[in-house]
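Heads up, the thing below is written out as structure tokens.
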Amino acid sequence: MKEERQVRTNCRFCGYLCGHTATVSEGRLIDIAPDNTRFPCDNSILKGCQRWRLAQEYLEHPQRVNYPRKRIGERGSGQWQEISWEQALDEIAEKLQSLKDQHGPEMLSSAIGGPNTSYWPLHRFMNLFGSPNNMGIGQICWNPATWVNTLTYGWTIDNEIDLNNTECALLWATNPRESDNSLFWRTVLDFSRTGKPLIVVDPCNTKTAERATLWLQIKPGTDGFLALGMLHVIIDEGLYDHKFVEKWCHGFDRLKEHVLRFHPNYVEGITGIKEEDIIKAAHLYAKSKPASLCSGRGIDQLGSNSIAIHRALAIMRAITGNLDVAGASHLSVMPDFVPELDQELSEIVPDAFHEKQLGKDQLLLQSYPGYKRVRELTMRQGKRLPMRYLTSAHPNLVWKAMLSGEPYPIRSLIVMATNPLLTQADTQLIYKALKSLDLLVALELFNTPTAMLSDYVLPSAGAFERPLFETKAGTANLAYGGEQALEPYFDRKPDFYFWRELGKRLGQTEYWVEETMQDNLRECLSPANMSWDEFCNEGLYTKQNTYQKHNMTELQDRQPAGFATISGKVELYSEILLEIGYEPLPEPILPLSSNTKYPLQLITGSRVQPYNASSFRQFDRLRKLHPEPLAKINPKTADQLGLKEGSKVWVETERGRALFTLKYADMCPEVVSVEYGWWYPEMEAAEPSLGGLWISNANILTNADFDKSDKLLGTWTYNGIPCRVVETETQKQ
Ligand SMILES: Nc1nc2c(c(=O)[nH]1)N[C@H]1C(S)=C(S)[C@@H](COP(=O)(O)OP(=O)(O)OC[C@H]3O[C@@H](n4cnc5c(=O)[nH]c(N)nc54)[C@H](O)[C@@H]3O)O[C@H]1N2
Ligand SMILES: Nc1nc2c(c(=O)[nH]1)N[C@H]1C(S)=C(S)[C@@H](COP(=O)(O)OP(=O)(O)OC[C@H]3O[C@@H](n4cnc5c(=O)[nH]c(N)nc54)[C@H](O)[C@@H]3O)O[C@H]1N2
Ligand code: SF4
Ligand SMILES: [Mo]
């Protein structure tokens, strides 16, 4: 009989890493089952997730990349030669060295995506190579809240919904029913059954909004006005926490004056939400204690408005006494284990290469000077934010430098665990930029459209084939994950291997001491006094959350710790924003107005099951469940435009057009919400089709032009874009 092994492991088919038990025989995965005892996992919720069931198929899928391949025809011709890792690494290293000699290290860029792998090995390599040009999606995912909470509270927070403590939950622009198959959705569901107030702010009546006691149907991009309208009510009616405000908040009087003009009646005209509902929401949130306020991607993707709205929400939490309080939120603490910042070696590289950062002089915070200024403050409490995420290059500047050579040439790109042709804004620009490169390398599991245009595609070890260590980028004392379930199939290698081997070929040997990712993680955990084996067994490293830390006295001077800001308090009025030349109080702006040519407002990319971004379109089982890219619209709006449910439509913006199937939904009138990430892996994996890249890709409709992006972080706009919808008889080509 064949020997079978049970391995306590985690799924890696999206960022949640749900705990599972894998059954492995002769190095092959033969079964997989959710494991409630491993964080984060809820068996009943996981019944709804379709992806983990695909584990075996995922490992063996005929479209997986299994061996390193090198382009032999024209770029994008789909002609490849399989080569060894040695050859691929030698050739890539040689090419990078010669391009570096010619143009300087900044000619190399890299691209990363959502939480699909560990990114610090890439950052370490880029730091040592000397290039600041890593592009991410942080500007529209995670960074706005992290930056804004840090500059307001001195550090970032985790929001809590705790069934015993939380008396009210306010979910702002997030739809965990579609985006989260793990513990958070379980908690929201359970909370909704308590009958306590659950408020959802979303233009669409999502499955999450359906569970709300109050759904605020907001016009896209007007959230800053709503938040300031609620603040108006809370302050006007004295519903704030007077003691906390007096002792711990800076600039309350200026805030009070600032919110005067956001009368709910005025806010109703902008947001489309009735005055009485704005007042009701403010009452529910401010009077129920503790109240939790959790926000999602919908407000991270609104250009400058993202900053104003996050600031207003940060202020709302603080003045209602919901900061660092059980059942509402807690300020995170630095990890006991080695933070990603140190794994990246970000602090040992000379400052000189920071000078080469694109947009450094225009971006006030998401830049090395901005980072350094904030670091001076957070270091008062011994905390350091992850540097490479929060200084990542603005993609629009990088794509443009590839094309124009200005301000300096960027000639090569290494793409890891992301598919920018589908997930970054402005597909047309990216396509031209990629075509112009001297070297394009993709570390991938599948032959994505981005990989199709590459010079080399390297087969990464994915879910179950490599160890996992997820850490909130080192901003909290929490890590979860575990051991790989099996050795990688075929010639796949963990991403760590690629960076280490490339680094060794380019003079970085002394910085890559540990041979494997496991060795590295062992070292990384040692300050926390936990062995890698213990960690894998538990699947979790964490400490009990602590609260009200600003009141704790520091031993030497017996002074309360306060907050790591310029004033030492929560900055309602931000001194650091004032200092760097940005509005110290939240100033929302009206979203781009619709016009006669583009009369509707577009939302791109709300999450839908069973897919994750542009991934999983290769799986027939999932395609049967959700066969077509949908554009959702209010039936009345459709009727006014003479459009019928089920018809194929072009959604058009000034940037281009993409094909969707129209679906009626209970949502804001005059708004269209399209799915993102759609391509067709069954179509030709070469030019001109590139896997159906140009058919229904939402990012054909978007742009991230630097001069229209936010000046603080470079946040661009994925939601609230003027558009129109035109019926077409054209079917998928
Ligand atoms: N219009 C619009 N665009 C958006 C968004 C939106 O809402 N609207 N959302 C944005 C957000 S929040 C995010 S996070 C991004 C997500 O965008 P991406 O991170 O680009 O997500 P995916 O398209 O899933 O691409 C991930 C790729 O990584 C590969 N992969 C998986 N695991 C591994 C691994 O271990 N190693 C390697 N090397 N590869 C691996 C997968 O095969 C897949 O091709 O999209 C952003 N783009
Ligand atoms: N199935 C699936 N799950 C995923 C992902 C995936 O691609 N697929 N991606 C993962 C990633 S990378 C992320 S970042 C998370 C994101 O997860 P969530 O934060 O839940 O993000 P979304 O579903 O993009 O957006 C949430 C809601 O914002 C609303 N919205 C759009 N515009 C506005 C606006 O202007 N104002 C307000 N108030 N609401 C608005 C949308 O209607 C949508 O219902 O999901 C993760 N989980
Ligand atoms: S939600 Fe589903 S796909 Fe994501 S980690 Fe959990 S089981 Fe895997
Ligand atoms: Mo994301």
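The values are calculated or read from the model by the stated rules, or taken from the named source; none is laboratory data. Every value quoted in this text rests on a predicted model; they were computed, and no experiment measured them. Cβ sites come from the backbone with ideal geometry, for glycine too, and all protein chains shown count toward neighbours.
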Exercise. Take Ser346 and decide whether it is within 22 Å of the chain's Cα centre (by Cα), free of Cβ contacts under 8 Å to residues at least 40 places away in the same chain and over 19 Å from Val201 (Cβ atoms).
Key: no
Quiz item: Where in the stretch 349-451 are there helices (runs of 4 or more DSSP H), lying wholly inside it, with at least 3 residues that are surrounded by fewer than 24 Cβ atoms within 10 Å (Cβ to Cβ)?
Solution: 368-378, 395-404, 427-435
Quiz item: So Met126 fits all but one of (1) surrounded by 24 or more Cβ atoms within 10 Å (Cβ to Cβ); (2) within 13 Å of ligand 2 (Cβ to nearest atom); what number is the exception?
Solution: (2)
Quiz prompt | Residues that are out of contact with any Leu (no Cβ under 7 Å at 6 or more places or on another chain), under 17 Å from Thr471 (Cβ atoms) and more than 16 Å from ligand 4 (Cβ to nearest atom), drawn from the stretch 12-43 | solution = Gly19, Arg38
Quiz prompt | Hits in the stretch 487-516 (condition: buried (at least 18 other Cβ atoms within 10 Å of the Cβ) and either at pLDDT below 95 or more than 17 Å from His123 (Cα to Cα) (or both)) | solution = Pro488, Tyr489, Arg492, Lys493
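Per-residue answers, yes or no, for (1) of a type in the set (Gly, Ala, Ser); (2) under 32 Å from the mean Cα position of the chain (by Cα):
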{"residue": "Asp223", "(1), (2)": "no, yes"}
{"residue": "Ala227", "(1), (2)": "yes, yes"}
{"residue": "Asp241", "(1), (2)": "no, no"}
{"residue": "Asp253", "(1), (2)": "no, no"}
{"residue": "Leu284", "(1), (2)": "no, yes"}
{"residue": "Ser292", "(1), (2)": "yes, yes"}
{"residue": "Gly298", "(1), (2)": "yes, yes"}
{"residue": "Leu302", "(1), (2)": "no, yes"}
{"residue": "Asn305", "(1), (2)": "no, yes"}
Quiz item: Hey, does the stretch 41-61 have a residue that's at positive phi, surrounded by fewer than 20 Cβ atoms within 10 Å (Cβ to Cβ) and touching a residue at least 40 places away in the same chain (Cβ under 8 Å)?
Solution: no
Quiz item: Quick one: in the stretch 68-94, which of the residues that are part of a strand (DSSP E or B) and in contact (Cβ under 8 Å) with a residue 24 or more places away in the chain is surrounded by the fewest Cβ atoms within 10 Å (Cβ to Cβ)?
Solution: Lys70
Practice problem: For the stretch 253-270, indicate whether the set of residues that are farther than 15 Å from Leu313 by Cβ, within 16 Å of ligand 3 (Cβ to nearest atom) and outside the structural domain of Tyr480 (by TED's automatic domain parsing) is non-empty. | Solution: no
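Table: residues versus (1) away from ligand 4 (no atom under 16 Å from the Cβ); (2) at pLDDT below 95; (3) more than 21 Å from Ser594 (Cα to Cα).
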residue: Lys632; (1), (2), (3): yes, no, no
residue: Pro635; (1), (2), (3): yes, no, no
residue: Val649; (1), (2), (3): yes, no, no
residue: Glu675; (1), (2), (3): no, no, no
residue: Glu684; (1), (2), (3): yes, no, yes
residue: Pro688; (1), (2), (3): yes, no, yes
residue: Lys711; (1), (2), (3): yes, no, yes
residue: Asn719; (1), (2), (3): no, no, no
residue: Thr728; (1), (2), (3): yes, yes, yes
Quiz prompt | Lys624 vs. criteria among the basic types (Lys, Arg), away from ligand 4 (no atom under 16 Å from the Cβ), without any contact (Cβ under 8 Å) to a residue 40 or more places away in the chain and closer than 30 Å to Lys47 by Cα | solution = yes
Exercise. Restricting attention to the stretch 294-315, report how many residues are buried (at least 24 other Cβ atoms within 10 Å of the Cβ) and more than 21 Å from Asp710 (Cα to Cα).
Key: 0
Quiz prompt | Sole residue being more than 30 Å from Gly462 (Cα to Cα) and free of Cβ contacts under 8 Å to residues at least 40 places away in the same chain, chosen from Thr553, Thr509 | solution = Thr553
Quiz item: Within the stretch 91-106, can one find any residue that is within 16 Å of ligand 2 (Cβ to nearest atom) and assigned by TED's automatic domain parsing to the domain that holds Asp491?
Solution: no
Quiz item: Do any residues in the stretch 441-454 that are within 12 Å of Trp679 (Cβ to Cβ) have Cβ atoms under 8 Å from those of residues that are within 16 Å of ligand 3 (Cβ to nearest atom) and part of a loop (DSSP other than H, G, I, E, B), where the two are at least six apart or on different chains, and which pairs are they?
Solution: Phe446/His61; Phe446/Gln618; Thr448/Ser614
Quiz item: Within the stretch 580-597, can one find any residue that is buried (at least 21 other Cβ atoms within 10 Å of the Cβ) and outside any loop (DSSP other than H, G, I, E, B)?
Solution: no
Practice problem: Give me a count of the residues in the stretch 1-38 that are within 16 Å of ligand 1 (Cβ to nearest atom) and of a type in the set (D, E, K, R). | Solution: 1
